[in-house]
1. Evaluate the relative contact order of the chain (contact order divided by residue number), counting alpha-carbon pairs under 8 angstrom at least 6 apart; express in whole percent.
2. For the stretch 1-120, what is the convex hull volume of its Cα atoms per residue in Å³?
3. Return Phe176, Phe244, Phe145 ranked ascending by Cβ neighbour count within 10 Å, so the fewest neighbours appear first.
4. Can you sort Arg31, Arg170 from fewest to most other Cβ atoms within 10 Å of each residue's own Cβ?
5. Any idea what the dipole of the stretch 1-120 comes to, in debye rounded to 20, about its Cα centre with Lys/Arg Cβ at +1 and Asp/Glu Cβ at -1?
6. Please identify the helices of the chain, taking whole runs of DSSP H, that span at least 24 Å along their own axis as judged from the Cα atoms and have a mean Kyte-Doolittle score of -1.0 or higher.
7. So if I place +1 on the C-beta of Lys and Arg and -1 on the C-beta of Asp and Glu, and nothing else carries charge, what would the dipole magnitude of the chain be about its Cα centre? I want it in debye, nearest 20.
8. Evaluate the distance, in nm, between pseudo-label points positioned 7 Å from the Cα of Trp130 and of Arg170 along their respective Cα→Cβ axes.
Amino acid sequence: MTDYINELTFLTLVLFSIASGLYFLSSYNRRIAGAAFLLSVTGLITASLALIARTMLIGRLPLANGAEFALCFAWFTVLIYLIYEVRSKNGGAGGAVLLIAALLIASILILMPNQLGDNRPLVPALKSPWLTSHVLTAVFAYGGFALAAGLAAMQLRTTASPQGDAWISRIIGISFIMLTITIVLGAIWAEQAWGRYWTWDPKEVWAMITWIVYAIYLHVHRQRFWRGKNSNILAISGFIIVLFTKFGVNFILSGLHSYS
């Protein structure tokens, strides 16, 4: 089963990587965009199969360790991107978003190669009904921020449009709500697990920094002079902080969340 999961994960990386390249090339040849979309859907299917296989191996939802989160993160990012492309009829951000997804998958194979085959019992702190809701809302929030960053990168490469700005603002607004719920659920869980709602753990601190950055984005985006390049840079900067919050903190800073 472990080999099957690893092979599916590697295949997903290949599919997302090729899809990203084709999306970038589609700016020169629109007919390539159809192949990129098809490869993205296929990669989403292989990622789904990897998640299903992981669920069968461990007997629970794959939401606990870093590899599981990264795979869910990439899966949801591509899913909402494809929904966005179908609804907006615009595949210009596909290169950036699929590249983000491919890098997330690559991080599993490079930084966490053994975690997808790890079948050890959960540590006591993770044996909680709050695990599923806390992590799923985080996946939703982070996936939305990834999509917004991809759209913002596209806006910087081309002429920014009011419609593009509106999409980014709407996506960040929804993702910000989910991030807020994630933090609240995490605080409730922390009180039950460690006896305090807030411990100033590095993960908590950087989650709050992320929240503040996106709160600033939503505030300044109301100002017309901040729309366009400035708001797009802020959306990308916010996502860089998201990545550090999830991965940088785990590998660089030790704390109560180091097991994830």
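1. Numbers: 337 pairs, mean separation 47.8, N = 260.
Computed over the chain, the figure is 18 percent.
2. On the way: hull volume 9.7 nm³, N = 120.
In the stretch 1-120, the Cα hull volume divided by residue count equals 81 Å³.
3. Details: Phe176 21, Phe244 16, Phe145 28.
Fewest to most other Cβ atoms nearby, the residues stand as Phe244, Phe176, Phe145.
4. In order of increasing Cβ crowding within 10 Å: Arg31, Arg170.
5. About 360 debye.
6. Those that pass (Cα extent of 24 Å or more, hydropathy at least -1.0) are 2-25, 32-58, 66-88, 94-111, 130-157, 162-194, 202-220.
7. 740
8. Between Trp130 and Arg170, the label points sit 3.4 nm apart.
No lab work stands behind these numbers, since they all come straight from the coordinates. All figures in this text were calculated on a predicted structure; none of them were measured in a lab. Every residue, glycine among them, receives a Cβ derived from its backbone with ideal geometry; neighbour counts consider all protein chains shown.
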